[in-house]
Amino acid sequence: MATPCGFLSVRKPAGVTSTQCVRIVRKLFDTKQVGHGGTLDPMATGVLIMALGKATRVLPHLTTGKKYRGVIRFGVTTDTDDITGWGIQGSAGLRAVSIALRCLLLTRFLRVSEILTKRAAPWLTPALVDATLQRFVGKIDQMPPRISAIKRDGVRLYHLTRANKARKA
């Protein structure tokens, strides 16, 4: 039987690594020549572009970036910088902003400034929100989270962080 050749668009669920997806596709197509176009974090859901056979030669030339869409929960910090961690810090002011934004999504009738200034956080002005958001416009240098698929010395950061947590326990 000829080795399959082509591309797959795989919907990766949360909790499954990109490498686990590769293993599954290898078994399904009975071939070792399987690769993917870029690692998604284990807790991320999304489209994972995969190649089989000679199509894997094209993967290094895929230069489009990844786009993430998510929900921000203000006022909560976890020990892993993601949803899987334990809450370690909270801020009443930021929780108020979170409540205000939730109200905005639920009502859709009030303006943001009305909700933020009259209901949850009177100290938070529209000007302050705009000024804060401007810091996130354009190119920014972002520190990778402790739980990340990025490698340090050949080991994924999420493995290093969780191993360090286990040693401390």
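Every read-out reported here was derived from the displayed coordinates using simple, explicitly stated rules and does not represent laboratory data. No experiment lies behind these values; they were computed from the predicted model shown. For neighbour counting, all protein chains shown are included, and Cβ atoms are generated from backbone atoms with ideal geometry for every residue, glycine included.
Less than 5 angstrom separates the built amide H of residue 12 from those of 46, 47, 48, all sequence-distant by 5 or more or on a different chain.
For segment 6-63, just say rounded, prolate or oblate: build the C-alpha gyration tensor, square-root its eigenvalues into a ≥ b ≥ c, call rounded for a/c under 1.5, and beyond that prolate if a/b exceeds b/c, oblate if not. Oblate, because a/c is 1.5 or more while a/b does not exceed b/c. Backbone amide hydrogens, once placed in the peptide plane, bring residue 78 within less than 5 Å of 88, excluding anything fewer than 5 places away on its chain. Each of 129, 47 was scored by other Cβ atoms within 10 Å of its Cβ. Listed from fewest to most, they are 47, 129. With 26 Å as the limit on Cα-Cα distance, the pairs of 54/139; 27/67; 12/67; 12/139 that go past it are 54/139; 27/67; 12/139.
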